[in-house]
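First comes the structure, then the notes that go with it.
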Amino acid sequence: MERTATEGGREPPVRSRTVPLLAAYWSFGQFWGVWVILVLEFQRHHSLTDSHLGLLYSLLSMAAIVTMLAGAPRLQRLSLRSSVPLSLASLAIAALALAFGPTSLLVVTFVLVGIGNGLIDVYVNVAATREERRTRRPVLQWLHASYALGGVTGAAAAGTLRTVGLDHRLGLAASGVALLLTAWWNLRRGPHEPAAEGATSVLSVSAFRRSPALWIPALTVLFCFLVEGSMDIWSGLYLREELGASPAAAGAAFVAFAGSLFIGRLFAAKALFGLGPRRTIVIAGIGGGIGGTIAVVAQTTPVVAGAFLLMGFAMSAAGPAGFSLVEETSEDPNAIAAVATIGYTGFVWSPPLLGWIADTIDLRAAMAVIVLATVGITATGLFARGKAKT
């Protein structure tokens, strides 16, 4: 296997660099897969209303955005062998705080979760981008598929844990341990090169001024991540509170979504090559909208699980298609980074919005926001235009 030398010494083989990164994003997805099933127990344990939980998500969101735009660049001189493990370890500490921290420190705990999410979103993706360029393999596609796989294993494990009557805090703590293990793995096998390129790229939103047409793919990615972020946070509560599903049934329904998302992303590139990004975005938006509508109007958990399955398959190709559309829209060297920055905000500001809607109306109305997001995805595909030179 090919090796490359760096200032820090001889690098490990390509596979031994890529696999730890995939494991890192798997543990990231596992954390959220566990959370989506156990959040109801967490909410009851701390006597939180939906609106109170939404406010905590708002703090998480602000912490993540500030970290991505201002905090992460200050770590740019660190090697990826340091910044990636640091990112994972920060979320691991937050997961352990969620498990065992007192109610009085929830504000601090959710800020820690936001910091961990922001750092992981920057540095693990930076490291994966470097590996993709180095190996000319679809590492980013594998990376985000591994996140979905983590959602599958996390939700399944959390559902099993509650079915056998174990304390929900054990599941949260276990997700933190998984993050620590993958942090240690990346500390041993990560590349020595600094992350300056990735850290500066998160501030490259000036690309929108140079290429306004980039707002179309940016909105595509934003709506995609809004859907995925909403599912990670609120789908478990919707199933358990609105439909009365058991932890195991809710876990199985979320596994249907995350599992189909994982499988779909493994083959998303073939869909893109066969249909092109515009058609893929339109079809994904329509399919996601149909699945979302069924999930909102259905009255039984099995029907919702089937709807989640359809949503996962449909949405799996939408995000990659949005990024592919960037290359047809602009030649700005910072275009991908700018679109990713806008897109990732969908993960961080949608949960508090849905929390407010859930508390003001109900959880079914909050889930209806997902349907509106899929309409937005379809619209961006319809309005996408040809390549514009910059």
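Please give the solvent-accessible surface of residue 380 in Å², to the nearest 10, using a probe radius of 1.4 Å with every protein chain present.
10
Multiply the residue separation of residue 135 and residue 181 by 0.36 nm, subtract the distance between their alpha-carbon atoms, and state the gained length in nm to one decimal. Mind dumping the intermediate values first?
Numbers: separation 46, 0.36 × 46 = 16.56 nm, distance 2.51 nm.
The span from residue 135 to residue 181 would gain 14.0 nm if fully extended.
Would you work out which of 106, 65, 96 lies farthest towards the positive end of the dipole of region 53-154? Charges go on Cβ: Lys and Arg +1, Asp and Glu -1.
65
For residue 132, what accessible surface area do you get with a 1.4 Å probe? Give it in Å², rounded to 10.
Answer for residue 132: close to 60 Å² accessible.
Please give me the summed charge of the neighbours of residue 362: other residues whose Cβ is under 15 Å from its Cβ, Lys and Arg +1, Asp and Glu -1.
Taking every Cβ under 15 Å from that of residue 362, the sum is -2.
Give the calculated FRET efficiency between residue 383 and residue 52 to the nearest 0.05, with a Förster radius of 45 Å applied to their Cβ-Cβ distance.
Given R0 = 45 Å and the Cβ-Cβ separation, E is 0.70.
Enumerate the residues in region 78-115 having an amide nitrogen under 16 Å from the point lying 7 Å beyond the Cα of residue 70 toward its Cβ.
The answer is 111-112, 114-115.
Rounded, prolate or oblate, given the Cα gyration tensor of region 91-182, with a/c below 1.5 counting as rounded?
It comes out oblate by the Cα gyration axes.
So how exposed is residue 26, as accessible area in Å² (1.4 Å probe, rounded to 10)?
Roughly 70 Å² of residue 26 is accessible to a 1.4 Å probe.
Within the set of other residues whose C-beta is less than 11 Å from the C-beta of residue 352, count the net charge using Lys and Arg as +1 and Asp and Glu as -1. Mind dumping the intermediate values first?
Working: positive: none; negative: 50, 359.
It works out to a net charge of -2.
The values are calculated or read from the model by the stated rules, or taken from the named source; none is laboratory data. The structure presented is a predicted model; accordingly, all values stated were derived computationally and were not measured. Using ideal geometry, Cβ is built from the backbone for each residue, glycine included, and neighbour counts are taken over all protein chains shown. Ligands, DNA and RNA are stripped out before the accessible areas are found, and what is left, the full protein with its side chains, is counted by its heavy atoms. Shrake-Rupley method; radii C 1.70, N 1.55, O 1.52, S 1.80 Å.
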